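Encoded as structure tokens, the structure appears first; notes follow it.
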Amino acid sequence: MSAYAGAWPVMVTPYDSNLHIDYGVYRTMIAWYLTHSVGGLYANGLSSEMYVLDETERLCLVSEAVK
């Protein structure tokens, strides 16, 4: 089996009521995906909000997913 087998969901970016990235919810989403045995995660790609995030926000999302 390939190391890249299985579903790779495109993650959405959760925001709080002040339109800041909600990293707590993001970590919860990652944990949910991992408990459901996904093959990997697209932490910063293909979802529309990536076009409005600045570089620091994009890097933080990827960093949180890697942790």
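Overview of values
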quantity	calculated
Residue, farthest from the chain's Cα centre (by Cα), within the range 4-30, restricted to residues that are at pLDDT below 95 and among the small types (Gly, Ala, Ser)	ALA5
Restricting the range 1-31 to residues that are in contact with a strand residue (DSSP E or B) (Cβ under 9 Å, 6 or more places away or on another chain) and aliphatic (A, V, I, L, M), the residue that is farthest from TYR51 (Cα to Cα)	VAL25
Total residues in the range 14-43, condition in contact (Cβ under 8 Å) with a residue 24 or more places away in the chain, within 27 Å of ALA3 (Cα to Cα) and open to solvent by 50 Å² or more (accessible area, probe 1.4 Å)	3
Any hit, the range 1-10, residues being surrounded by 15 or more Cβ atoms within 10 Å (Cβ to Cβ) and of a type in the set (A, V, I, L, M)	no
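The values are calculated or read from the model by the stated rules, or taken from the named source; none is laboratory data. Quantities reported herein were computed from a predicted structural model and do not represent experimental measurements. So basically every Cβ, Gly included, is an ideal-geometry build from the backbone, and we count neighbours across all protein chains shown. Protein only, heavy atoms only, side chains kept; ligands, DNA and RNA dropped before computing areas. Shrake-Rupley method; radii C 1.70, N 1.55, O 1.52, S 1.80 Å.
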